[in-house]
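Below is one structure, written out as C-alpha cells; comments come after it.
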Amino acid sequence: MREREPINQTPLSDELRRVVVIDTETSGLDPYQHSLLSIGLVPLYTEERLELFVSEPSILADPRSMAIHGIDLEWLSTVGESPKVICERFETFLAHHSHSPVILAGHNITFDLRFMKRLYRLADRPWPTLISHRSLDTHSMLWQLAASGQIPFDACSSDGAFRYFNCAPLPQERHSALGDALSTRELLRLILARSTNSP
C-alpha cells in the first residue's frame, strides 16, 4: 500500500473527523435471507481499528459469497458474538473514536448499512442515534471522477480502485472486513486529497 497523501487542513477537516469507514463480510447478498458474518471499522483520521465477528442463531450461506471471503462457519460459531453484544461493541467504538453524529463511509455503503440494520433487527435494538442519516460512498465519488474524465471507469469497482490508486490490501487481507476497511479508508483519503489539491 502506498504512503498516503496528506489531506489539506481546511474547515471541512472537523466534519471529516466524524467519518468512520466500515466494511462487512456476509453469507450472501440478501440481508433478508443471508447473515452478517464480520465487520471492520476504522476512523478516517486516527489509527484505531476494530474487527467484529458475528454469530447469528442460524446462517443461510450462498457458496459463491462464502468462497470470496473464506470464513469458516464452524470457526465463526466458536469466536463470534451475539448480535446484541456486537451492537453494543459497535456503538462503544463509534462513541469513543469519532465525533457525533458519526458519518459511516464505505464502498457501496448501502450494502453494508442494509446488513448492519439486519443486525439491529436481530438484536431487537433501535438504530443508533449517534449515527448520521447521511453516509459517504467511495463508489459514487469515483464515478463522479470517472464521469469528468479524471479516472477510467474501470477504477470505480473496489478492485479497480485499489489498483488504480495503489492502495490494495495484502492478498491475505483482501475480502476480510478489516483489511478491506483499511484499504477503503486509504482510498477515501486519496480521493479527498485529489479533490482538495485540485485547482
Task: Matching residues in the stretch 88-101 - criterion: being surrounded by 20 or more Cβ atoms within 10 Å (Cβ to Cβ) and modelled with pLDDT under 95 - done: Ser98
Task: Among the residues listed as Leu29, Leu36, the single one being of a type in the set (A, V, I, L, M, F, W, C), within 20 Å of Gly179 (Cα to Cα) and in contact with a strand residue (DSSP E or B) (Cβ under 7 Å, 6 or more places away or on another chain) - done: Leu36
Task: the stretch 152-186, subset at pLDDT below 95 and among the aliphatic types (A, V, I, L, M), residue farthest from Arg18 (Cα to Cα) - done: Leu170
- [ ] Assess whether Glu5 counts as being among the acidic types (Asp, Glu), at pLDDT below 95 and more than 30 Å from Tyr164 (Cα to Cα).
- [x] no
Task: Criterion: surrounded by fewer than 21 Cβ atoms within 10 Å (Cβ to Cβ) and aliphatic (A, V, I, L, M) - qualifying residue of Leu104, Leu170, Leu119, Leu142 - done: Leu170
- [ ] Would you please list the contacts, defined by Cβ atoms under 9 Å and residues six or more apart or on different chains, that run from a residue in the stretch 34-54 that is surrounded by fewer than 20 Cβ atoms within 10 Å (Cβ to Cβ) to a residue that is of a type in the set (Asp, Glu) and assigned to a strand (DSSP E or B)?
- [x] Phe53/Glu81
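Kindly indicate whether Arg189 is in contact with a Pro (Cβ under 7 Å, 6 or more places away or on another chain), basic (Lys, Arg) and over 12 Å from Asp23 (Cα atoms). So that I can check it myself, show each step before the final result.
Values: in contact with a Pro (Cβ under 7 Å, 6 or more places away or on another chain): no; basic (Lys, Arg): yes; over 12 Å from Asp23 (Cα atoms): yes.
So Arg189 does not fit the description; no.
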Task: Top-ranked residue of the stretch 55-72 - restricted to ones that are among the β-branched types (Val, Ile, Thr) and within 19 Å of Leu178 (Cβ to Cβ), ranked as surrounded by the most Cβ atoms within 10 Å (Cβ to Cβ) - done: Ile71
Task: Selected residue (only one of Val85, Val79 is exposed (fewer than 15 other Cβ atoms within 10 Å of the Cβ), of a type in the set (A, V, I, L, M) and in contact with a Phe, Trp or Tyr (Cβ under 6 Å, 6 or more places away or on another chain)) - done: Val79
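Pull up the stretch 41-71, narrow it to residues that are part of a strand (DSSP E or B) and among the β-branched types (Val, Ile, Thr), then point me to the one that is nearest to His99 (Cα to Cα). Write out each step before concluding.
In the first step, residues of the stretch 41-71 are kept if they are part of a strand (DSSP E or B); the result is 41-43, 50-54.
Subset that is among the β-branched types (Val, Ile, Thr): 42, 54.
Working: Val42: 13, Val54: 25 Å.
Selected residue: Val42.
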TODO: Mind checking which helices (runs of 4 or more DSSP H) fall wholly inside the stretch 93-199 and carry at least 3 residues that are free of Cβ contacts under 8 Å to residues at least 12 places away in the same chain?
DONE: 138-147, 158-164
Open item on the list: Here is a check on your reading of the model: is Val20 within 17 Å of Ser135 (Cβ to Cβ), among the aliphatic types (A, V, I, L, M), in contact with a Pro (Cβ under 7 Å, 6 or more places away or on another chain) and assigned to a strand (DSSP E or B)?
Closed with: yes
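Which residues, counting only those in the stretch 134-188, are basic (Lys, Arg) and under 19 Å from Arg114 (Cα atoms)? Walk me through it before giving the result.
Narrowing the stretch 134-188 to residues basic (Lys, Arg): 134, 163, 174, 185.
Across the stretch 134-188, the qualifying residue is only Arg134.
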Open item on the list: If Arg189 satisfies all but one of (1) basic (Lys, Arg); (2) crowded, with 19+ Cβ neighbours inside 10 Å; (3) under 19 Å from Ser38 (Cβ atoms), what's the number of the condition it fails?
Closed with: (3)
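The values are calculated or read from the model by the stated rules, or taken from the named source; none is laboratory data. Model, not experiment: these values are computed from the prediction. For neighbour counting, all protein chains shown are included, and Cβ atoms are generated from backbone atoms with ideal geometry for every residue, glycine included.
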